[in-house]
Amino acid sequence: MRIDDLDPELQAVVSDVPAVDFRNVAAARAARTNGPVRMSADVVVTESVAEFDGHSVGVRITGPTGATRGPVPIVVEMHGGGFVLGSAASNDEGNAGLAAALQCVVVAVDYRLAPEFPYPAAVDDCVTAVQWAVDAADSIGGDPGRIGLLGTSAGACLAACTALELRDSGGPRLVMQALIEPALDDRADSPSMEQGVDAVFWNTDNAVLSWQHYLGGRVPDEHTSPARRQDLSGLPPTYLTVNELDPLRDQGIDYARRLLAAGNRVEFHCWPGAFHGFTMFDTALSRRTRASDLAAMDRLLNGPVRG
C-alpha cells in the first residue's frame, strides 16, 4: 500500500496509528490503551449478567436518560479486537453516542476472548445476550420487537454468526444487523488480503493470526465463518461497510453481494482512502462515516417494522 493512496487527512495521522502484533497475544493486550472517553450526559450506563437457558455472560447496558415515548429499540453490540482484545466497555463512547442520538438501549456483550476461549464460546455468549435482551426488554426500557445487532471487525463476525444461529434455531426476529469493516472469512486468498501485507494498523498477518486464535485448531466450517455459509436467506436488513485499503475489504464486498443475491435488504458503503479502524481519528471522513452509520441504523431501528 502506498501512503499516497490514503485519504489526505489520514495521511497526516499515519505516524500516530498504534502498532498491533498478534504473534504475542499477551503483549498485544498489554500494549492496548484507550484514550479519554467522552460520555454523553444524556445516557446512563449499568452492568448486568445476561442469562438464558443455563448460560450467562456479562453485559454493559447504555440507555437514554429521561422519559421516552414508550419502549425503545435494543442494539446488541459486539466489540472488535481480533477475537482476542477488548471488553464490553471498549466502545463506551460510541455506544453512548448511539443511545443518545437514536434513543435506543445498547447492550454491549462482554464475550469470552480467544485464544483462551476459542469458537464457539464468543458466539454462544452473543446469542445468550440477544435472547436475554428479548426477555429483559421491559426491565431495560427496550422493545423486544425491535432488536438489532451491531458488530465491528471481529465483532461483526460474531454479529453475523449470531444472526445465522438465531435464524437457524427459530430465535427472535431481528430488525437489523450492522456489520462495520467486518471479518467474515478465515481464508486469505482475496486481492485485498494479498495487497494488505503492509496495510496501516490491521494487516494480512494479523488478520490470519486472529482467525487462528479464534478457531483454536478447529477446522473452519460454515458455522465458524459466515463467508462459508451456503444459505444466507432470511437474514435481517443489513448495513455493511468496508474500507478501500483494508485487507478485509473483499470479504465484506462478497458477503454483501451474497446477502443481496439471497433476497435480503442491504445498504453497502466502501469508504475511499481508508484503512481498518480509521475512525479512531477525528477526520472529515470519520465524521462522514459516523453520520452515515447513525442514519442507516436509525432507518432500520426506528423505521416501520417490515414483515
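Points worth noting:
- Scope region 144-159; condition surrounded by 24 or more Cβ atoms within 10 Å (Cβ to Cβ), assigned to a strand (DSSP E or B) and among the small types (Gly, Ala, Ser); matching residues: Gly148, Gly151
- Pair list, Cβ < 7 Å and 6+ apart or interchain, from region 216-239 residues that are modelled with pLDDT of 95 or more and in a loop (DSSP other than H, G, I, E, B) to residues that are among the small types (Gly, Ala, Ser) and surrounded by 12 or more Cβ atoms within 10 Å (Cβ to Cβ): Gly216/Ala114; Leu232/Ala262; Ser233/Ala262; Leu235/Ala163; Pro236/Ala163
- Check on Gly70, part of a loop (DSSP other than H, G, I, E, B), free of Cβ contacts under 8 Å to residues at least 60 places away in the same chain and over 25 Å from Tyr239 (Cα atoms): no
- Any hit, region 129-141, residues being within 19 Å of the chain's Cα centre (by Cα), closer than 29 Å to Ala291 by Cβ, open to solvent by 10 Å² or more (accessible area, probe 1.4 Å) and not polar (S, T, N, Q): no
Residues checked against (1) out of contact with any Phe, Trp or Tyr (no Cβ under 6 Å at 6 or more places or on another chain); (2) at pLDDT below 95; (3) open to solvent by less than 10 Å² (accessible area, probe 1.4 Å):
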{"site": "Glu47", "(1), (2), (3)": "yes, no, no"}
{"site": "Thr65", "(1), (2), (3)": "yes, yes, no"}
{"site": "Ile74", "(1), (2), (3)": "yes, no, yes"}
{"site": "Glu77", "(1), (2), (3)": "yes, no, yes"}
{"site": "Val84", "(1), (2), (3)": "yes, no, yes"}
{"site": "Asn91", "(1), (2), (3)": "yes, no, no"}
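- From the options Asp246, Asp254, Asp282, residue that is in contact (Cβ under 8 Å) with a residue 24 or more places away in the chain, open to solvent by 10 Å² or more (accessible area, probe 1.4 Å) and either in a helix (DSSP H, G or I) or within 23 Å of Ser90 (Cα to Cα) (or both): Asp254
The values are calculated or read from the model by the stated rules, or taken from the named source; none is laboratory data. Just so you know, these numbers come straight off a predicted model, no measurement behind them. All Cβ positions, even for glycine, are placed from backbone atoms using ideal geometry, and neighbour counts span all protein chains on display. Please note that ligands, DNA and RNA were not included when accessible areas were found on the heavy atoms of the full protein model with its side chains. Shrake-Rupley method; radii C 1.70, N 1.55, O 1.52, S 1.80 Å.
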